[in-house]
Amino acid sequence: MALKLYNTLTRKKEVFKPLKSKNVNIFVCGPTVYDYAHIGHGKTYVAFDVIVKYLRYKGYRVFYLQNITDLDDKIIIRAKEEKTTPDALAKKYEKLYYEDISLLGVNSVTKSAPATNYIKEIINQVSRLLKKGYGYEIKGDGIYYDLSKFKEYGKLSRRKVLEAEDAVSRIDNSINKRNKGDFCLWKFSKPEEPSWESPFGEGRPGWHIEDTAITEKYFGQQYDIHGGARDLIFPHHEAEIAQMEVLSGKQLVKYWMHTGFLNVEGQKMSKSLGNFISIKDAMEKYDKYVLRLLYLSAHYRSPINFSEKMLKQAKNASERLKEFMRKIKNNREKDDIKLIKKTKESFIKAMDDDFDTVKALSVIFNFVRKVNKKGGSKKSYGLMKEFDEVLGILPDEETSVPDKIKNLTAEREKLRKQKKWQEADKIREEIKNLGYALDDTSKGTVVKKI
């Protein structure tokens, strides 16, 4: 089966054919670094982490580029509130963002590109748009894009007006705009705001122009995949198309991919509702394997509900996987080669169908059930590790057990041999209170972290 992915532009699944053989260039919109990354960001970045890792698993040479918006209205406002500079604030939260996604096991990005490192490229694009007649100046405000001249505006979202769920990083609401939807390419400088010299006046970049400047530098005027959360489709991704396609005369991106929202207890996550959860806070209660399992339990295009019930289910699933891997790692039982072959084929079939992690996880847990019944060892273990190169969901099966727990377990074992069951049960309870569980098997007692 050929790999297929859903293209937002055409609204259908298409066979994946990169522009250049097995080389794949993918760009995903990164964060605006003015606050902690939240679990909604986590959903998108884990989704594309898995997508990129699967493409590499299939033998594609992937260059995964992600921008960092490190100068923006939100950053300037927050910097004033915190009595610091926009640059210092952005660097602080950029560093924290890298730490957060690393904790989530997101490590597939080839290049992270902070926007302010590409001012020369941004100025170049704005100059070319002005020269072609697509840009115009509003005195004392900035350089704007004239949407009336790009007739295909709206082809990705199939609309031309803002809706409630659209992400807007900068509201370009000048009363002097030629058209209501015109957006800012270059904002003229204001007192105490960062700015750069340009042929059309001192100022700073608009939001949309940074992405096309960065992708043109690394990929040229066309590339394979552009990804992001679905709230970026309009106006952000429409603006990228408008900017680059008039400069190149070519289709900017072959495949557009967008992730579904993350809801908290049935409501879209937002600061105003008080249900904003940072990745940092979430990971104080749950590890990366639990969070990744939660994210991947829904298709990347679908919304997901972040709730205590869902988290408990993901934690239980994670424990099952951990116990399974511990069990078969040094097992000497015979592997079922036909089952291994069939499972691998089913996993690939699921992932080839628009990266369907829901079906892929079902395949994996079905394999776990069958191996638990039939037996398995090194080759079964190896297959699970192979899947984990893509999904990143397998906890370390080797857990360092503190000496105190080891000593209590040994003492309990002596009591059991002496048939002093009540005293042995007291020690089991003591161990449980210290955060560990005991599982008495035919091969001895196994200590597990609760």
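The values are calculated or read from the model by the stated rules, or taken from the named source; none is laboratory data. Just so it is clear, the model here is predicted, and its values are computed rather than measured. Methodologically, a virtual Cβ is constructed for each residue, glycine included, from the backbone with ideal geometry; neighbour enumeration extends over all protein chains shown.
Filtering segment 355-383 to residues that are under 23 Å from A2 (Cα atoms) and part of a helix (DSSP H, G or I) leaves T357, V358, K359, A360, L361, S362, V363, I364, L383.
Among residues of segment 24-48 that are in the same structural domain as Y255 (by TED's automatic domain parsing) and aliphatic (A, V, I, L, M), those with a Cβ under 7 angstrom from a residue that is in a loop (DSSP other than H, G, I, E, B) and modelled with pLDDT of 95 or more, sequence gap 6+ or separate chain, pair up as V24/P18; V24/Y60; V33/D70; A37/P31; V46/L104; V46/V106; A47/Y300. Considering only residues in segment 81-93 that are touching a helix residue (DSSP H, G or I) at 6+ places or on another chain (Cβ under 9 Å) and assigned to a helix (DSSP H, G or I), the one that is surrounded by the most Cβ atoms within 10 Å (Cβ to Cβ) turns out to be A90. Restricting attention to segment 327-349, the residues that are surrounded by fewer than 20 Cβ atoms within 10 Å (Cβ to Cβ) and within 25 Å of V46 (Cα to Cα) total 5. Only one entry of E152, E197, E137, E192 meets the criterion of being in contact with a Leu (Cβ under 9 Å, 6 or more places away or on another chain) and surrounded by fewer than 22 Cβ atoms within 10 Å (Cβ to Cβ), and that entry is E137.
Only one residue in A317, A360 is surrounded by fewer than 21 Cβ atoms within 10 Å (Cβ to Cβ), modelled with pLDDT of 95 or more and under 15 Å from L394 (Cβ atoms), so which one is that? Can you show your working first?
Working: A360 fails: surrounded by fewer than 21 Cβ atoms within 10 Å (Cβ to Cβ).
Result: A317 is the single residue among A317, A360 that is surrounded by fewer than 21 Cβ atoms within 10 Å (Cβ to Cβ), modelled with pLDDT of 95 or more and under 15 Å from L394 (Cβ atoms).
Please give the strands (runs of 3 or more DSSP E) falling wholly within segment 223-269 in which 3 or more residues are among the hydrophobic types (A, V, I, L, M, F, W, C) and in contact (Cβ under 8 Å) with a residue 24 or more places away in the chain. Don't jump to the end; show me each part of the working.
Numbers: elements: 223-229, 253-259, 262-264.
The qualifying strands (runs of 3 or more DSSP E) are 253-259.
Restricting segment 246-263 to residues that are surrounded by 20 or more Cβ atoms within 10 Å (Cβ to Cβ) and over 18 Å from the mean Cα position of the chain (by Cα) leaves a set whose member that is farthest from S307 (Cα to Cα) is L252.
State the number of residues belonging to segment 384-426 that are of a type in the set (D, E), part of a loop (DSSP other than H, G, I, E, B) and exposed (fewer than 15 other Cβ atoms within 10 Å of the Cβ).
The number of residues fulfilling the criteria is 2.
Taking the criterion of being touching a residue at least 60 places away in the same chain (Cβ under 8 Å) and over 18 Å from Y223 (Cβ atoms), the only residue of segment 7-23 that qualifies is K13.
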